[in-house]
1. Residues V34, V18, V116: which one is surrounded by 19 or more Cβ atoms within 10 Å (Cβ to Cβ) and of a type in the set (A, V, I, L, M)?
2. Looking at E108, E146, E130, E83, which is the one that is out of contact with any Phe, Trp or Tyr (no Cβ under 9 Å at 6 or more places or on another chain), surrounded by 21 or more Cβ atoms within 10 Å (Cβ to Cβ), touching a residue at least 12 places away in the same chain (Cβ under 8 Å) and not hydrophobic (A, V, I, L, M, F, W, C)?
3. List pairs: first residue in the range 176-195 and within 20 Å of T143 (Cβ to Cβ), second residue outside any helix (DSSP H, G or I) and of a type in the set (A, V, I, L, M) anywhere in the structure, Cβ distance under 6 angstrom, at least six positions apart or on different chains.
4. With the checklist (1) loosely packed, with under 15 Cβ neighbours inside 10 Å; (2) closer than 24 Å to D288 by Cα in hand, flag the one item L29 doesn't pass.
5. What are the residues in the range 37-60 that are within 26 Å of the chain's Cα centre (by Cα) and buried (at least 19 other Cβ atoms within 10 Å of the Cβ), if any?
6. Within the range 62-79, identify whether any single residue is of a type in the set (A, V, I, L, M), under 28 Å from S325 (Cβ atoms), assigned by TED's automatic domain parsing to the domain that holds P170 and over 18 Å from the mean Cα position of the chain (by Cα), and answer yes or no.
7. Residue under question is L364, and the condition is that it be in the same structural domain as L23 (by TED's automatic domain parsing), in a loop (DSSP other than H, G, I, E, B), buried (at least 16 other Cβ atoms within 10 Å of the Cβ) and not basic (K, R); does it hold?
8. Looking for something surrounded by 20 or more Cβ atoms within 10 Å (Cβ to Cβ) and of a type in the set (G, A, S) - is there at least one such residue anywhere in the range 311-319?
Amino acid sequence: MSAIDIEKVRSETPGIQVSTHLLASGSALMPQCVVNAVIEYTQLEAQFGGYEAQAQQADKLERVYSSVARHIGANTREIAVMENATVGWCHAFYALPLKRGARILTCEAEYAANYVAFLQRAKRDDLRIEVIPSDETGALDITALENTIDDDVGLIAITWIPTNGGLVNPAAEVGKIAQAHGVPYLLDACQAAGQMRIDVAELQCDFLSATGRKFLRGPRGTGFLYVKEKWLASLEPAMIDHFGAPWVARDRYELRDDARRFETWENSCALRAGLGAAIDYADQIGIDLIAERISMLAEQTRSLLAEDPQITLHDLGSTKCGIVSFSINDTDPEAVIQHMAAERFVIGASQPSSTRIDAERRSLPTVLRIAPHYYNTEYDITQAVARLRSYGFA
């Protein structure tokens, strides 16, 4: 296994010239090939019209499904290309027929967008939400999950990698339990896609949602939904149009027999072209090499930050991801972000409301986030930490 050619990658990333971007957990820098795919497609639309460009590029657009399927170990029938991860997640969640009184099992680090959907369906459909406690490392407690499974459980839905906290939840172990008990399993892989290998067979999930804009380095406004084959014969979307459900007679429609029943007629073909280019680019480099380098850079970040007594790290888990969360004593996170931006370093923050249960359990403040990607260098990290210290808190 050869190493990543970092200089080549950086030469193919135009944003490198603008700033030291350390927020892949928000929206990573696109490689030039992704930018080209979006622009070239948009130019076709300008020259020939939207429908005509789509007809010209039909084969290329179709290959996006193959790229997504290859990247996660699925087949193309199981893939829907969506506007974003939340749309994909919601399509799966709201389509699932949950009986009144059923329990939804989730984790302490569940993302806000998902949890408010739990709350809505709990109120509307008389469901119950149960948060599985974390183990001593901060990850979802597998034993506690196993012990709480009974016939009332209608769904297990967790976030694999939270928006902050450095945590990697034991998604595959959860899948084994869900599979053994016949419970549907919905996995939010928004922060995992592009950061680590995804194999839906190993995960044993029924549904998986992800975005293009984070570690996959795709354009904003892209995402995808995986729907396990066994659900395609029975699961009806909460909303449909004549693309996902063709109008075959005056009084009848027929759902598509693949995951595209969750799609609608209108979408951004240019952004889809960019998503396909981003996934192909990541696979050409190698997801295992990417994961190894992200881990190395994140650990370097944690190590350097830990040297300063004014900085508190807030990362959890025996296995940590590429998102480094921390706070600085007696400082306003937004002021720190602006200070770093003035020095051409991009970092971010995460509010307690993004992962309210975990934040309240640990009394977390608004935390700062550094999330390096493989196009970053060790020098980027040392300089970023030095700029943090120049803020004057140390």
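1. V34
2. E108
3. A178/I156; H181/I149; V183/V153; V183/I156; Y185/I156; L187/L208
4. (1)
5. Residues satisfying the conditions are A37, V38, Y41.
6. No, the range 62-79 contains no residue that is of a type in the set (A, V, I, L, M), under 28 Å from S325 (Cβ atoms), assigned by TED's automatic domain parsing to the domain that holds P170 and over 18 Å from the mean Cα position of the chain (by Cα).
7. yes
8. yes
The values are calculated or read from the model by the stated rules, or taken from the named source; none is laboratory data. Not measured: the values here are computed from a predicted model. For neighbour counting, all protein chains shown are included, and Cβ atoms are generated from backbone atoms with ideal geometry for every residue, glycine included.
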